[in-house]
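Below is one structure, written out as structure tokens; comments come after it.
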Amino acid sequence: MSVNVKENLVSPGLPLCESCMMELIVRMAVEACGEDTILFGGPCCCVMQEKTGVQYYGTMMTNMASSASGVSRALRRQGKDTTCLCIAGDGTTADIAFGCVSAAAERGERILYICYDNEAYMNTGIQRSSTTPWGAWTNTTPIDTNSRGKKASPKPVAVLMAEHGCAYAATCNPAYMKDFKEKLKKAVDATKHGFAYLHVLSACPTGWKAPGDKAIEMSRMATQTNYFPLWEAEYGEFRMTVKTQPRKPITEFTKYMRRFAHLTPEELDFLQKDVDTRYEHVARLCKN
């Protein structure tokens, strides 16, 4: 198959862990936005300034969304329609800079913000974030006589962002590429009118303690078990984009990962109930 060089805006040979989903996510995002793009990035697993064919703006973890907002406004005053693309991890998005991201959404800034969610602070040693699932092992939620992994359910960041009523918000999974590509196009188009947000599951075999060759299969099971449902929301109107009923049991997802290997049958039942509860909340929001 021939390759269009202009579309190949991300170089090969990225400095990422084995089977990391990040190259695929960044490649699809940058190519969807096109050459007239400024990529905003901060300290994280995904430091791409030397690997893309678009302009790069480095920020701190705390100010990516506000930096992109300022640049976007300045470009519009010059009559330019350049896409301002932010790519950040769950630690930045859900924790450290959540207020900044929320403010950009509330103001309707014309930027595309993509959170790649590998469910922990992977770049600094696998510490828990607020999107780490209940019961999961991390280096700050260890397994010993006093700890059974993370004690709290994950923060529903994607739902919270969609509830801002922003132009477009959606969840994405690289294992469902057609859905992912369609949502990227909608998100880029939405930035012509307001704020767009994509929350992308980014399987991390290193931090999840899983085989590298199972990254796509784990990602697929995340959706088929309703652990990571795929939906979109335009100005707060929700719609499910991939329906998986009847859902598979959560063990079809957890079985690949040693971060869940310590869970007893009773604890797995609790995790199943947590997943079902969170899915039912999203399903009630959807119009279909």
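Could you list all residues from the stretch 141-158 that are in a loop (DSSP other than H, G, I, E, B) and surrounded by fewer than 18 Cβ atoms within 10 Å (Cβ to Cβ)? Within the stretch 141-158, P142, T145, N146, K151, A152, S153, K155, P156 qualify. Whether a residue is assigned to a loop (DSSP other than H, G, I, E, B) and more than 13 Å from the chain's Cα centre (by Cα) was assessed, and A136 passes this test.
Hey, can you tell me all the residues within the stretch 252-285 that are in contact with a Pro (Cβ under 6 Å, 6 or more places away or on another chain) and not hydroxyl-bearing (S, T, Y)? Selection gives V282 alone.
Counting residues in the stretch 73-84 that are within 19 Å of the chain's Cα centre (by Cα) and among the aliphatic types (A, V, I, L, M) gives zero.
Within the group F180, F260, F195, F270, which residue is hydrophobic (A, V, I, L, M, F, W, C), modelled with pLDDT of 95 or more and open to solvent by 30 Å² or more (accessible area, probe 1.4 Å)? It is F270.
Restricting K186, K214, K209 to residues that are over 30 Å from D81 (Cβ atoms), at pLDDT 95 or above and in contact with a Phe, Trp or Tyr (Cβ under 6 Å, 6 or more places away or on another chain) narrows the list to K214. Here is the figure for the stretch 67-89: residues that are surrounded by fewer than 19 Cβ atoms within 10 Å (Cβ to Cβ), on the phi < 0 side of the Ramachandran plot and small (G, A, S) total 2. Of all the listed residues (M161, M221, M240), the sole one being buried (at least 21 other Cβ atoms within 10 Å of the Cβ), touching a strand residue (DSSP E or B) at 6+ places or on another chain (Cβ under 9 Å) and among the hydrophobic types (A, V, I, L, M, F, W, C) is M161.
Against the numbered list (1) β-branched (V, I, T); (2) buried (at least 18 other Cβ atoms within 10 Å of the Cβ); (3) closer than 25 Å to A162 by Cβ, T254 comes up short only at (3). When E31, E23 are screened for being surrounded by fewer than 23 Cβ atoms within 10 Å (Cβ to Cβ), under 27 Å from A210 (Cα atoms) and of a type outside the set (A, V, I, L, M), only E23 passes. Flag: E232 does not match the condition of being open to solvent by 80 Å² or more (accessible area, probe 1.4 Å) and charged (D, E, K, R). Within the stretch 262-288, being in a loop (DSSP other than H, G, I, E, B) and free of Cβ contacts under 8 Å to residues at least 12 places away in the same chain holds for one residue alone: T264. As for the stretch 105-115, it holds at least one residue that is in a helix (DSSP H, G or I), open to solvent by 10 Å² or more (accessible area, probe 1.4 Å) and either over 24 Å from D213 (Cβ atoms) or β-branched (V, I, T) (or both). Going through (1) of a type outside the set (S, T, Y); (2) within 19 Å of the chain's Cα centre (by Cα); (3) open to solvent by less than 10 Å² (accessible area, probe 1.4 Å) one by one, N63 falls short only on (3).
The values are calculated or read from the model by the stated rules, or taken from the named source; none is laboratory data. Keep in mind it's a predicted model, so treat the numbers as computed, not measured. With ideal geometry, Cβ positions are generated from the backbone for all residues, glycine too; neighbour counts draw on all protein chains shown. Note: accessible area is taken over every heavy atom of the protein model, side chains too, but ligands, DNA and RNA are not part of it. Shrake-Rupley method; radii C 1.70, N 1.55, O 1.52, S 1.80 Å.
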